[in-house]
Amino acid sequence: MSLFAAASARHWDFPRNTASVMLLADYAAENGMDVAELIAGTGLRPADLGDPARTINARQELGVATNLVNKLGSNPQLGLDAGARYRVATFGIFGYACLTSPTLGEATRFAMRYYELSFAFCLPQVLVEGHTATLRFELPDISGPVARFLVQRDVAAIATVIADLLGRPVPFDEVTFTFPAEGAEGVHPALGVAATYEQPENTASFDAAMLDRRLPQANPITVAMCESQCRALVNRHRVRIGVASQVRERLVSLDGQPRTITTVAQSLAMSERTLRRRLTEEHVTFRELLDEVHYALAQEMLATGALSVDDVAVRLGYAEASSFITAFKRWSGTTPARFSRGRG
């Protein structure tokens, strides 16, 4: 299998707005659960749910999901039912950018690049083998009934959004889950196919040719404008606290000198081992922060059109432009040259 795209986030613990919790609150209310029960123990107030500008942390949404499962978990398709309510409009400017992308494949890569603007907990990859494309869903650090709910929800939400993008029902050929069926057999409307359970992985497969399908509302000017806004939103979300923030500050440099974990740890007056441990506590690695900073700086420099790919590579501390090109393609799914042409 070859990797087509993967979520830029390395963990689900990223900030998000309240749109997803508001949607879950509506679903809960329709099923006899009041908002006080739903948000109990999360630190959220009812007024927060009506404020679209309010930013919450992922663990607060996880608390909401846990309360929902504890109350309504007797429904084995709870996650699928909830996920089917996530439409492309739920995601705001992020969703609109996907909607106006040229093809389903480009929309997929865009969504993966700006995954931190979603409400997901699963970390997906898109893999292609022959004529089959497979979405693979990983869910780190969560288990039990709430994990089942979140996997089902995220799969159904992605299926519903894909259907919105294509303007037609989602074309899944196969959906697999690792957990038992527990009475959830049959075709769920969000999936369009009967899922199979107790499988090795959580996946959804479809015809790889769909990735080249042109989207009905494709508009290159609109998607470019939306991407600029999405980039600004992600950058605001990525203003980290704690040690990760201090590491980022030391990594943001264009002096052409390579930054290693050893030199950064020394500048923070701690051992390399301590720095690794502190970053692990914040669910991030030094490599992820370095990639994050390099990708953001590379985009800014390439967008100006004043610097060549070689110039950008040198300023970021790469000994060879080829190494920078390989890294940029891993971050974005495209080459620096193609990225620059797309900005022109």
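The values are calculated or read from the model by the stated rules, or taken from the named source; none is laboratory data. Since the structure is predicted, the reported quantities are computational estimates derived from the model, not experimental observations. Glycine also receives a Cβ, built like all others from the backbone with ideal geometry; neighbour counts cover every protein chain displayed.
Scanning the stretch 92-146 for residues that are in a helix (DSSP H, G or I) and among the small types (Gly, Ala, Ser) gives Gly92, Gly95, Ala97, Gly105, Ala107, Ala111. Candidates Arg85, Arg16, Arg10: the one that is in contact with a strand residue (DSSP E or B) (Cβ under 7 Å, 6 or more places away or on another chain), at negative phi and crowded, with 16+ Cβ neighbours inside 10 Å is Arg16.
Does any residue of the stretch 168-175 turn out to be surrounded by 13 or more Cβ atoms within 10 Å (Cβ to Cβ), under 25 Å from Gly144 (Cβ atoms) and assigned by TED's automatic domain parsing to the domain that holds Gln152? The answer is yes, given that some residue of the stretch 168-175 is surrounded by 13 or more Cβ atoms within 10 Å (Cβ to Cβ), under 25 Å from Gly144 (Cβ atoms) and assigned by TED's automatic domain parsing to the domain that holds Gln152.
Among the residues of the stretch 118-158, those that are under 16 Å from Asn67 (Cα atoms), in contact (Cβ under 8 Å) with a residue 12 or more places away in the chain and over 18 Å from the mean Cα position of the chain (by Cα) comprise Pro145, Val146, Arg148.
If we scan the stretch 26-45, do we find a residue that is over 30 Å from Val187 (Cβ atoms), touching a helix residue (DSSP H, G or I) at 6+ places or on another chain (Cβ under 6 Å), part of a loop (DSSP other than H, G, I, E, B) and of a type in the set (Asp, Glu)? No, the stretch 26-45 has no match at all.
Which helices (runs of 4 or more DSSP H) sit wholly inside the stretch 270-336 and have at least 3 residues that are more than 20 Å from the chain's Cα centre (by Cα) and touching a residue at least 60 places away in the same chain (Cβ under 8 Å)? Where helices (runs of 4 or more DSSP H) fall fully within the stretch 270-336, none carries at least 3 residues being more than 20 Å from the chain's Cα centre (by Cα) and touching a residue at least 60 places away in the same chain (Cβ under 8 Å).
Which one is surrounded by the fewest Cβ atoms within 10 Å (Cβ to Cβ) among residues in the stretch 110-139 that are hydroxyl-bearing (Ser, Thr, Tyr) and within 20 Å of Tyr86 (Cα to Cα)? Going through the qualifying residues, I end up with Tyr115. Among the residues of the stretch 159-186, those identified as within 30 Å of Pro216 (Cβ to Cβ) and in contact (Cβ under 8 Å) with a residue 60 or more places away in the chain are Ala159, Thr160, Val161, Asp164, Leu165, Leu166.
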